[in-house]
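Right, one structure below, let's go through it.
Read-outs throughout are calculated quantities, based only on the coordinates presented, and are distinct from any laboratory measurement. The structure displayed is predicted, hence computed values, not measured ones. When we count neighbours, we look across all protein chains shown, and the Cβ atoms used for this are built from the backbone with ideal geometry, even at glycine.
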Amino acid sequence: MEILQDPTFISPNLVYLLLMAGLWLGATGTYIPGTGVVEVAGVGLLMLALYLMTLIATNWIALVALVIGASVFFLLPLLKPEWIRIAQVGLVVQAVSSFFLFHEALVSPILIVMGVLLAWVYHYTILQSILKHHRELSSTQKDEFLVGAHGRVVSAIEDRGTVQVKGELWTARSPSRLESGTPIVVTEQQGLELHVEKAKRDTIDY
């Protein structure tokens, strides 16, 4: 413990590795929520890195810029996939900030370049694949969730009409004409359009 409290024994490269590993684990936990193990490990590494940074001459402005840049790169595509190119600016900010992270020592340029390359590869080969899988799974689950649900015709269906299912209004098609008020069951979902037929029992799923 005394070694950790002695600045002469603290390597800027090690602190940098702990910081980046914590950020990566935090981003991974955002893409793969659930157990909390990854998030806890990420927070633990970040806390250790921050503690060590209080013992050496740290450029806190550069640290804030680095964290913002890394967060933008990892998290922006999570909000909207089309923002993935804008997110790359965050990776540039991360790289530039890394060179100014400490006042009296420099993080190895090789380590910074390797960190940027690994972050890029990790994001595009692993995190993006996970995100794509979750989005496809969510879409499938949503479709399966509505199929079999019961509701009621709001406006008469000839070719198309409107139905109420689970408290929401949907555009619907039916193989036969259905009058307003007719109980229906969902047989298929295509995007925001439902395929329905007359239900054998009068039930509405809210």
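Given the residues VAL38, VAL64, VAL43, which is the only one that is without any contact (Cβ under 8 Å) to a residue 24 or more places away in the chain, among the β-branched types (Val, Ile, Thr), surrounded by 18 or more Cβ atoms within 10 Å (Cβ to Cβ) and part of a helix (DSSP H, G or I)? Let's see the steps before the verdict.
On the way: VAL64 fails: surrounded by 18 or more Cβ atoms within 10 Å (Cβ to Cβ); VAL43 fails: surrounded by 18 or more Cβ atoms within 10 Å (Cβ to Cβ).
Step by step, each of VAL38, VAL64, VAL43 is checked, and only VAL38 is without any contact (Cβ under 8 Å) to a residue 24 or more places away in the chain, among the β-branched types (Val, Ile, Thr), surrounded by 18 or more Cβ atoms within 10 Å (Cβ to Cβ) and part of a helix (DSSP H, G or I).
Filtering region 14-40 down to residues that are of a type in the set (A, V, I, L, M) and more than 22 Å from MET114 (Cα to Cα), which residue is nearest to the chain's Cα centre (by Cα)?
Among residues in region 14-40 that are of a type in the set (A, V, I, L, M) and more than 22 Å from MET114 (Cα to Cα), the one nearest to the chain's Cα centre (by Cα) is ILE32.
Can ALA27 be described as closer than 17 Å to PHE100 by Cβ and part of a helix (DSSP H, G or I)? Let's see the steps before the verdict.
Working: closer than 17 Å to PHE100 by Cβ: no; part of a helix (DSSP H, G or I): yes.
It is false that ALA27 is closer than 17 Å to PHE100 by Cβ and part of a helix (DSSP H, G or I).
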